[in-house]
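The values are calculated or read from the model by the stated rules, or taken from the named source; none is laboratory data. Fair warning: this is a prediction, and the values are worked out from it, not measured in the lab. Quick reminder, even Gly has a Cβ in these numbers, built from the backbone with ideal geometry, and neighbours come from all protein chains shown.
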Amino acid sequence: MQVAQVERLYAKNGMNEIRADYRAIVGTFRRLKRQEAIPNNDYLHGLYLTDLMFASTRQHIRMLTGTGESNWLALLEPTLVKTLARMREARGFLKAIFVGEGKLPLGIHGLREQFGELIQIQKARAESPIRHFITCDSYMLRLESVHPPITPDMDSNVIKADVYFNNVAKTKKTEKEFDYIWTYLEHQDLING
């Protein structure tokens, strides 16, 4: 299935068809204190698992992701709006580094208008493809395999990741990496004006 087909399917059905199954799996992992990853082997399952990460987030999100033609952020916007409202109450934040020459993902501008300084954005370039990730509340982590920039006609099976719903050590390590990159980019902005 192509990325555009997955996005149409998700836009039509959202989480309604599969949310209970995924919640049960995630709940079992948390109850048993399992730190292993739940693998996602395609874009559709990646949307489901990322939606559940956002739905469980209370304080902060850090994401290093690509620019380009994907609608993933706009598709997850209903959940993300609720999450950001909770995060505002908790005085949290969403920090996003978008890597690439393309446009920012659909949905991010509207979220920034609605939630203001709660959402902080930096753009970056990489000389070669890099691994994207999302961390939530210092215990949830989505760690993607390297893939080319997402296009509508791309095979959705190219987008793979390991998703951790209960791994504090791995998540905090990734957050430190993110914070290092964030600080570096801020410093570059100061130098380059």
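Couple of notes before you dig in:
- Given (1) of a type in the set (Gly, Ala, Ser); (2) closer than 26 Å to Lys33 by Cβ; (3) without any contact (Cβ under 8 Å) to a residue 24 or more places away in the chain, index of the condition Ser138 fails: (3)
- Scanning region 159-184 for residues that are among the aliphatic types (A, V, I, L, M), assigned to a helix (DSSP H, G or I) and surrounded by 14 or more Cβ atoms within 10 Å (Cβ to Cβ) turns up Val168, Ile181.
- Output for region 13-71, where each listed residue is among the basic types (Lys, Arg) and in contact with a Phe, Trp or Tyr (Cβ under 7 Å, 6 or more places away or on another chain): Arg30, Arg62
- The condition of being under 18 Å from the mean Cα position of the chain (by Cα), buried (at least 19 other Cβ atoms within 10 Å of the Cβ), assigned to a helix (DSSP H, G or I) and not small (Gly, Ala, Ser) does not hold for Thr135.
- For region 131-161, the tally of residues that are touching a helix residue (DSSP H, G or I) at 6+ places or on another chain (Cβ under 9 Å) and within 22 Å of Ala55 (Cα to Cα) stands at 15.
- Flag: Val168 does not match the condition of being aliphatic (A, V, I, L, M) and touching a Pro at 6+ places or on another chain (Cβ under 6 Å).
- Among (1) exposed (fewer than 13 other Cβ atoms within 10 Å of the Cβ); (2) touching a residue at least 12 places away in the same chain (Cβ under 8 Å); (3) under 15 Å from Thr65 (Cα atoms); (4) more than 15 Å from the chain's Cα centre (by Cα) - the single one Val146 does not satisfy: (4)
- Test: residue in region 112-125 that is modelled with pLDDT of 95 or more, out of contact with any Lys or Arg (no Cβ under 7 Å at 6 or more places or on another chain), under 25 Å from Ile181 (Cα atoms) and part of a loop (DSSP other than H, G, I, E, B): no
- Close pairs from region 66-92: first without any contact (Cβ under 8 Å) to a residue 40 or more places away in the chain, partner surrounded by fewer than 19 Cβ atoms within 10 Å (Cβ to Cβ) and aromatic (Phe, Trp, Tyr), Cβ under 9 Å, at least 6 apart: Val81/Phe115; Leu84/Phe115; Ala85/Phe115; Met87/Phe93; Met87/Phe115; Arg88/Phe115
- Strands (runs of 3 or more DSSP E) wholly inside region 1-100 containing at least 3 residues that are crowded, with 18+ Cβ neighbours inside 10 Å and modelled with pLDDT of 90 or more: 60-66, 93-99
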